[in-house]
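Below: the structure, in structure tokens.
Derivation of every value follows stated rules applied to the coordinates shown; laboratory data play no part. In this text, all values refer to a predicted model and were calculated from it rather than measured experimentally. Please note: Cβ atoms are built from the backbone with ideal geometry, for glycine as well, and neighbour counts cover all protein chains shown.
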Amino acid sequence: MKQSVRYFLTMILCLCMLAGCGSRDTAQTLQTGNAAAEYHTEIVETDKNESTAEQTQADDTEKQTSTDSPSDFEPADVPDYSGDPYIAVNNNEPYFTADDLTTEAFENYSELDALGRCGTAYANVCLETMPTEKRGSISEVKPTGWHSVKYDNVDGKSLYNRCHLIGYQLTAENANKQNLITGTRYLNVDGMLPFENMVADYVKETNNHVLYRVTPIFTGDNLVADGVLMEGYSVEDEGDGICFCVYAYNVQPGITIDYATGDSWLSGEGSSNGSNTGSSQVTKHEDEHQEDAHHDAAVQTEAYEAETTAPASTGTEYILNTNTKKFHYPSCSSVKQMKNSNKQEFTGSRDDLIAQGYDPCKKCNP
């Protein structure tokens with residue numbers, strides 16, 4: 001519309017000038033008309049350039065903040081839980097494309113759907129997004145399907161945690177309803193925490209960026225997710241440091257869950273019919289204070305306690321990451337995610353490795 005008005009005014013100007021040029025030189029009139037036409041063309045080109053620039057900026061913003069789940073991922077192709085807390089999908093290659101790669105920090109969390117359920121959470125994790133203060137309480141948040149219930153055969157007894165899609169240690173999101181789902185203790189600690197720790201350690205060690213996307217997978221109108229799709233990819237080294245695509249199961253061994261409602265019961269004892277009190281091993285409902293363990297220091301270090309308290313000596317076995325120049329205990333969870341091409345076994349003293357330019361892993365503290 002703006003261009004049409006300008007063009008119309010320009011043509012009127014030309015006609016007026018022609019009408020009053022009886023005693024003037026015709027060439028001069030034509031020259032003036034041409035100048036007006038050139039002015040109109042310049043305006044049109046300027047508008048066109050401004051429109052293109054605005055569209056480009058909008059495209060860039062949409063690319064960085066999109067929370068669409070991977071279109072190629074098919075939940076139906078994920079095998080049933082068979083004893084492992086997570087399983088690699090898509091050959092352990094994330095669904096990111098070249099257009100997703102950026103070194104700009106961003107976070108985006110999907111709006112809750114009509115049932116109040118979370119969608120995809122997507123961030124470019126870096127030191128800039130990480131927390132600078134201790135995490136606060138999240139007990140006021142009650143994700144869909146939430147029940148406060150305990151079982152004696154669950155680690156920590158509480159069946160459910162308020163489970164961050166993107167852990168607090170990565171993006172400092174605390175009581176964000178768009179980032180918290182009802183997840184089992186098993187999903188939280190055995191399924192998701194190892195990958196969060198791995199990304200956090202990598203970012204702190206390298207100051208690089210990691211594209212990190214977590215998509216909860218719900219069946220139909222179920223209030224509790226079947227599991228989560230987790231993707232990670234380190235940007236600066238093109239996935240050499242971090243590259244994974246896994247599905248973590250929202251299950252709890254020994255417990256049967258009704259994913260439509262969140263009700264649960266001991267496996268083999270029949271449905272609780274929503275009461276969660278049908279078993280002698282289930283305690284009464286308590287106040288809503290179960291929180292996630294994504295940033296629980298005791299959980300992160302428990303596996304290494306015996307190793308880290310032992311004095312360093314010659315002949316100790318280590319695993320080296322020849323890319324990041326870090327050395328780890330063989331039991332460190334980071335070793336399991338390390339590319340074979342970067343992995344090297346070493347037996348010797350800690351001091352020798354440091355002298356060779358290697359730094360100790362900040363997770364297992366060898």
The stretch 66-300: Kirkwood hydrodynamic radius (Cα pairs, Å) comes out at 18.0
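Taking 0.36 nm per residue of separation and subtracting the Cα-Cα distance, what length does fully extending K325 through T132 add? Please report the intermediate quantities before stating the final value.
On the way: separation 193, 0.36 × 193 = 69.48 nm, distance 2.62 nm.
Extra length available between K325 and T132 comes to 66.9 nm.
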Of the listed links K177/K326; K150/K339; K177/K363, those spanning more than 32 angstrom between alpha carbons are K177/K326; K150/K339
For E236 and S139, extending 7 Å from Cα along the Cα-Cβ vector and measuring point to point gives, in nm, a value of 4.1
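So how much slack lies between D352 and N174, counting 0.36 nm per residue of separation and subtracting their Cα-Cα distance, in nm? Present the calculation step by step, with values, prior to reporting the outcome.
Numbers: separation 178, 0.36 × 178 = 64.08 nm, distance 4.15 nm.
This chain segment gains 59.9 nm when fully extended.
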Given Cβ charges of +1 for Lys and Arg and -1 for Asp and Glu, the option among C126, T97, W146 whose Cα lies farthest towards the positive end of the dipole of the stretch 80-157 is W146
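Could you sort 81-94, 116-129 so that the peptide with the highest average Cβ count within 10 Å comes first and the rest follow in order?
Details: 81-94: 14.9, 116-129: 20.9.
Sorting 81-94, 116-129 by mean packing, highest first, produces 116-129, 81-94.
Can you give the charge dipole size of the stretch 66-300 about its Cα centre, rounded to the nearest 20 debye, using +1 on the beta carbon of Lys and Arg and -1 on the beta carbon of Asp and Glu?
Details: 12 positive and 39 negative charges, 201 e Å.
Rounded to the nearest 20 debye, it is 960 debye.
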